[in-house]
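Report on one structure; see the data block that follows.
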Amino acid sequence: MKKIITTALIAGCILFVISYGGLYLGVKFFPGLFVTYNNPLFNSDGSRDVLFYLHAFIISFALSWFWDRFKTLFKGPVVLRGLEFGLVYSLTALLPVMWISFSSLDITLVMVGSWFFYGLAQAIIAGLVFAKVNP
């Protein structure tokens, strides 16, 4: 259990930094994508903002447990294991969530695609951390 928590905290810190750096760069280089977030669907009163900021740690804990449970299925060097882990997670969990989100909410395909690739990148980065720290 200690290994799961340790790797989750390491991955959470890395994802937190990369996520917010990526958000800053995304707004700077793809402002048209972020204009679509000026929608009542995404406006919050601020009472749940902490949940948004904790996202990197929540996903890291879930993925760390998943890694610890199934890491023996991923073979090869660290990079290959991390990449395969990210792809498996994205295809089995993220793709269905993006599908239902797109089909039930008034959001664009570009928005959903960016969420999918963001989640894929998070899972690959976390997989690389897990493969290195908790082989």
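Residue by residue, here is whether (1) touching a residue at least 24 places away in the same chain (Cβ under 8 Å); (2) of a type in the set (D, E, K, R); (3) loosely packed, with under 15 Cβ neighbours inside 10 Å holds:
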| position | (1), (2), (3) |
| --- | --- |
| Lys3 | yes, yes, yes |
| Ala11 | yes, no, no |
| Ile14 | yes, no, no |
| Leu25 | no, no, yes |
| Gly32 | no, no, yes |
| Val50 | no, no, yes |
| Leu73 | no, no, yes |
| Arg81 | yes, yes, no |
| Phe85 | yes, no, no |
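Close Cβ contacts (under 7 Å, 6 or more residues apart or on different chains) running from residues in region 98-115 that are farther than 17 Å from Pro31 by Cβ to residues that are loosely packed, with under 12 Cβ neighbours inside 10 Å comprise Phe102/Leu109; Leu105/Leu41; Asp106/Leu41.
The number of residues in region 70-115 that are outside any helix (DSSP H, G or I), hydrophobic (A, V, I, L, M, F, W, C) and in contact with a Ser or Thr (Cβ under 8 Å, 6 or more places away or on another chain) comes to 1.
Of the numbered criteria (1) exposed (fewer than 14 other Cβ atoms within 10 Å of the Cβ); (2) within 27 Å of Leu9 (Cβ to Cβ), the one Ile124 fails is (1).
Laboratory data are not the source of any read-out in this text; all were calculated from the coordinates shown. A quick note: this is a predicted structure, and the numbers were derived from the prediction, not measured. Note that we place each Cβ from the backbone using ideal geometry, even for glycine, and neighbour counts take in every protein chain shown.
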